[in-house]
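Data first, discussion second: the structure below is written as structure tokens.
The values are calculated or read from the model by the stated rules, or taken from the named source; none is laboratory data. Please read these numbers as outputs of a predicted model, since none were measured by experiment. We place every Cβ from the backbone using ideal geometry, glycine too, and count neighbours over all the protein chains shown. Just the protein is used for accessible areas: all its heavy atoms, side chains included, with ligands, DNA and RNA removed. Shrake-Rupley method; radii C 1.70, N 1.55, O 1.52, S 1.80 Å.
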Amino acid sequence: MTQLPTATALYDIPGPQTRKRHLLYGIVSTVVILALVGWIIYLLFDTDQFTAEKWRPFQYKGIQELLLRGLGNTLKAFAYAAVLSLALGAVLAVGRLSVHRAVRWISTLLVEFFRAMPVLVMIFFIFVALKVQALPALVAGLTLYNGSVLAEVFRTGINSVDRGQREAAYALGMRKTQVTTFVLAPQAVRAMLPTIISQLVVALKDTSLGYLITYEEFLHAGKLIASNLDYDLPFIPVVMVISPIYIGMCMLLSWFATWVARRQRRNPRTEAVGVAPAEPGKLLPGGQ
């Protein structure tokens with residue numbers, strides 16, 4: 001039996017005409033999307049993007065090694081940036097939650113500055129002005145930007161936990177560090193996890209900025225294939241090879257976040273304790 005939607009303060013149950021209109025919108029949108037995809041495929045065939053000559057370079061061992069090396073460099077930069085961004089975000093979040101005004105102001109200033117600064121500008125500044133190597137410059141720029149964003153995610157997640165949890169922990173004699181580590185942070189992880197993964201996906205995609213400072217990452221390898229080989233400049237085939245791999249890595253991160261969330265729900269420490277149903281007790285002596 002189909003369960004009908006329920007009305008809320010912000011949502012009314014749609015009537016028959018509204019449901020028909022929504023169905024029409026869905027059909028029209030699907031037709032438009034399919035027509036757009038078909039038009040793109042037609043253009044690819046019309047411009048001979050699927051000819052054997054343009055795809056033959058990918059059969060060569062040198063091309064495959066170049067792409068694999070670029071993919072490995074991309075994953076290396078992302079791994080460094082992800083770990084350092086999480087660490088920097090945690091440190092800045094703790095600073096913003098500090099009871100010391102000076103520490104809180106300095107942390108706020110750093111967070112707001114690096115959030116407002118374009119990540120490409122930071123990467124170029126570190127690479128050109130500070131004369132840092134390509135990989136450390138890319139990782140540093142990604143870390144400063146994504147770490148400052150994650151700091152706000154951590155701070156907001158911890159503050160979203162019910163105030164009574166904090167007060168109960170303090171009433172038990174726990175220190176602030178213990179309250180944050182053992183009470184607030186574990187409960188905030190569930191709320192923060194989707195946003196954390198989304199920001200890590202941004203960091204993964206931003207590793208492609210490394211080709212602007214000659215870092216030999218995945219996009220840089222594709223650019224070399226498309227521009228330096230005398231194979232009628234197979235730019236579109238290179239894009240069609242690189243794009244699904246980027247999309248697949250981002251989807252893999254999302255799947256990993258879902259897997260972690262499911263494991264947390266099955267964790268005995270986070271599951272509710274079962275309570276036995278109430279049973280009639282024994283009568284007291286002299287009871288009727």
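Check every one of the helices (runs of 4 or more DSSP H) wholly within region 108-207 and list those with 3 or more residues that are closer than 16 Å to Gly95 by Cβ. Full working, then the answer.
On the way: elements: 119-124, 134-159, 163-171, 185-206.
Ranges flagged: 134-159.
Which residues, taken from region 49-88, are more than 18 Å from Ile213 (Cα to Cα), open to solvent by 50 Å² or more (accessible area, probe 1.4 Å), in contact (Cβ under 8 Å) with a residue 40 or more places away in the chain and not hydrophobic (A, V, I, L, M, F, W, C)?
Glu53, Arg56 - these are the residues of region 49-88 that are more than 18 Å from Ile213 (Cα to Cα), open to solvent by 50 Å² or more (accessible area, probe 1.4 Å), in contact (Cβ under 8 Å) with a residue 40 or more places away in the chain and not hydrophobic (A, V, I, L, M, F, W, C).
When residues of region 169-200 are filtered for being in contact (Cβ under 8 Å) with a residue 12 or more places away in the chain, closer than 19 Å to Val99 by Cα, small (Gly, Ala, Ser) and surrounded by fewer than 18 Cβ atoms within 10 Å (Cβ to Cβ), how many remain?
Selection size over region 169-200: 1.
Results for (1) closer than 28 Å to Val241 by Cα; (2) modelled with pLDDT under 85, shown as yes or no for each residue.
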residue	(1), (2)
Met1	no, yes
Leu4	no, yes
Ala7	no, yes
Tyr11	no, yes
Pro14	no, yes
Lys20	no, no
Leu23	no, no
Gly38	yes, no
Glu53	yes, yes
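Would you be able to say whether some residue in region 196-206 is in contact with a Lys or Arg (Cβ under 9 Å, 6 or more places away or on another chain) and either within 19 Å of Ser148 (Cβ to Cβ) or β-branched (Val, Ile, Thr) (or both)? Before you say what the answer is, go through the steps one by one.
Going residue by residue through region 196-206, those that are in contact with a Lys or Arg (Cβ under 9 Å, 6 or more places away or on another chain) are none.
No: region 196-206 contains no residue that is in contact with a Lys or Arg (Cβ under 9 Å, 6 or more places away or on another chain) and either within 19 Å of Ser148 (Cβ to Cβ) or β-branched (Val, Ile, Thr) (or both).
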